[in-house]
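The values are calculated or read from the model by the stated rules, or taken from the named source; none is laboratory data. If you're wondering where the values come from, they're calculated on a predicted model, not measured in any experiment. Cβ: placed from backbone, ideal geometry, glycine included. Neighbour counts: every protein chain shown. Note: accessible area is taken over every heavy atom of the protein model, side chains too, but ligands, DNA and RNA are not part of it. Shrake-Rupley method; radii C 1.70, N 1.55, O 1.52, S 1.80 Å.
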Amino acid sequence: MKRLLGLLLAVAALVVSRANAADTKLPNVVLIVSDDHAWTDYSFMGHDQIKTPHLDKLAAQSMTFRRCYVPSSLCCPSLATIITGLHPQQHKVTSNDPPIPMGVKPGEFQKSAAFADGREVMNRHLEAVPTLPRVLGAQGYLSLQTGKWWQGNFKRGGFTHGMTKGLRHGDEGLEIGRKTMQPIFDFISTAKSEQKPFMVWYAPMMPHDPHTPPERLLAKYRDKTPSLHVAKYWAMVEWFDETCGQLLDHLDQQGVADNTIVIYVTDNGWIQNPEAPRYAARSKRSPYDGGLRTPLMVRWSSKIKPQMRDDLVMSLDIMPTLLAAIGQKPTAQMQGLNLLDDNAVKARTTIQGACFTHNAVDLNDPRRNVENRWIIDGDFKLIVPGSNPTEPQRPELFDIKSDPFEKSDLSAQQPEVMKRLTAKLDAWWDPSK
């Protein structure tokens with residue numbers, strides 16, 4: 001009898017041990033980063049023409065924040081923020097490219113030794129701070145870089161595997177999505193065979209130009225708009241959506257979806273110019289919501305209840321959230337929140353950011369590169385020009401709850417709000433000091 005009791009206790013202990021092991025198993029991580037994609041341009045966000053069935057499904061399965069902001073509306077600094085959890089003025093990658101000499105065309109400059117030297121300075125800035133792949137690597141993760149990657153060879157970001165060898169934008173990495181998804185599928189197979197947790201950085205140059213969607217998709221939109229440029233952009237969004245579906249379906253097929261944290265965000269917004277193959281005003285590179293706002297989704301099927309939320313969140317929150325998920329703490333420099341901490345998210349009422357010059361003025365001093373700073377406090381959003389002012393040329397104030405497309409400047413009617421928000425913005429970061 002004692003022997004039987006001992007055997008039962010041993011079996012129970014083994015069951016508990018296995019349950020605990022399953023409970024503490026490190027989650028896989030998949031980051032999906034859309035590129036040049038307006039916050040309005042999804043079916044689930046209310047667009048009446050664009051079809052995004054796979055992202056709609058992901059949104060329904062996720063804790064989806066409809067009011068997320070990137071701190072800066074330009075590709076390179078925004079991506080650096082996502083992978084470090086730091087503002088551009090903290091990690092110092094504020095711009096897409098190094099300072100360009102007067103009178104030199106961008107294409108010529110990008111082939112010069114000065115350009116290569118400048119990019120090396122930018123690469124070293126990112127190497128000087130913790131990145132998500134490096135932190136995860138210390139916990140035994142394998143990590144894969146695909147798509148957009150500006151900071152040299154993928155290994156310099158801490159990835160164990162990758163596609164980009166080191167050229168501007170991402171060289172071979174830019175084939176992901178547009179030409180193939182196989183590198184991701186092969187990597188997941190490798191991680192499974194080695195029984196290691198994995199991280200995937202899926203940041204395709206989509207719907208980013210060149211807008212070259214398959215004709216089968218373009219045909220769906222040709223008669224829905226008088227602008228071929230708009231039709232091409234809309235088709236690119238649906239093409240990108242299809243690739244996200246392929247990735248998410250593969251997680252299901254490989255049996256890893258339940259213990260994989262999938263996070264979706266956009267690097268910056270885009271409003272298609274109907275007259276030309278480029279972006280319109282108040283979108284990419286601007287401090288308006290057309291450039292800064294994006295939905296953010298967090299799916300962790302075994303841990304997170306799906307819900308739609310309108311709390312103020314930022315791409316800066318991705319790093320602290322993932323660190324918390326693996327039992328790690330953010331550094332003192334990280335200003336983001338753990339999105340799984342409901343009380344902290346609900347308590348936040350203010351966020352800030354800054355936009356910078358496309359080509360840096362000074363690679364080592366972010367203060368010299370500021371085009372504008374912005375702050376959202378409650379329903380109000382203030383934009384303040386910096387040392388390199390573009391649009392706007394003077395401070396502007398909007399009530400973005402009643403005026404989400406920022407059509408009515410309230411700065412003249414609300415002097416006290418202007419004063420209060422300016423003080424808050426300067427307390428956060430004042431580049432003049």
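Summing Lys, Arg as +1 and Asp, Glu as -1, what charge do residues with Cβ under 14 Å from the Cβ of L323 carry, L323 excluded?
On the way: positive: R134, K329; negative: D317, D341.
That sum, taken over residues with Cβ under 14 Å, equals 0.
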In order over the range 359-369: 3J(HN,Hα) from phi, Karplus 6.51/-1.76/1.60, θ = phi - 60°, whole Hz, x for each Gly or Pro, gives 9, 4, 7, 9, 6, 10, 10, x, 4, 7, 9
Mean Cβ neighbour count within 10 Å, used as a protection proxy, ranking 374-382, 293-301, 102-110, 86-94 highest first | 86-94, 293-301, 374-382, 102-110
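What is the percent of Cα-Cα separations in the chain that go past 40 Å?
Numbers: 16230 of 93528 pairs.
Pairs farther apart than 40 Å: 17 percent.
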What whole number of Å gives the distance from the Cα centroid of the range 282-308 to the Cα centroid of the range 364-433?
-> 21 Å
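Using only alpha carbon pairs under 8 Å that are at least six residues apart, calculate the relative contact order of the range 277-433 and give it in whole percent.
Computed value for the range 277-433: 15 percent relative contact order.
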In nanometres, what is the gap between the two model label sites at A219 and R278, each 7 Å from Cα along Cα-to-Cβ?
-> 3.3 nm
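For each pair in K57/K305; K232/K401; K51/K220; K111/K232; K25/K57, compute the distance between the two Cα atoms and list the pairs where it is over 19 Å. Before the final figure, lay out the partial values.
Working: K57/K305 14 Å; K232/K401 31 Å; K51/K220 10 Å; K111/K232 30 Å; K25/K57 26 Å.
Listed pairs above 19 Å: K232/K401; K111/K232; K25/K57.
Percent relative contact order of the chain, based on C-alpha pairs within less than 8 angstrom and at least six residues apart?
On the way: 886 pairs, mean separation 97.6, N = 433.
Once divided by the residue count of the chain, the mean separation gives 23 percent.
Just want to confirm a number: the relative contact order over the range 125-229, from Cα pairs under 8 angstrom separated by 6+ residues, in percent. Each step should come with its number before you reach the end.
Numbers: 150 pairs, mean separation 27.8, N = 105.
RCO, the range 125-229: 26 percent.
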Solvent-accessible area per residue for the range 291-433 at a 1.4 Å probe radius, Å²?
-> 45 Å²
Farthest toward positive dipole pole in the chain [+1 Lys/Arg, -1 Asp/Glu at C-beta], among F198, I263, S73 = F198
Mind listing the phi-derived Karplus ³J(HN,Hα) values for the range 210-225, rounded to whole Hz, using 6.51, -1.76 and 1.60 with θ = phi - 60°, and x for any glycine or proline?
-> x, 7, 10, x, x, 4, 4, 7, 4, 4, 5, 10, 4, 8, 9, 7
Can you give the calculated 222 nm mean residue ellipticity of the chain, where each DSSP H run of n ≥ 4 adds -39,500 (n - 2.57) and the sum is split over every residue, rounded to the nearest 500 deg cm²/dmol?
-> -10000 deg cm²/dmol
Highest GNM mean-square fluctuation, the chain, Cα pairs closer than 10 Å: which of A332, A113, A128?
-> A332
Ignoring ligands, DNA and RNA, what percent of the accessible area of the chain is carbon or sulfur (1.4 Å)?
-> 54 percent
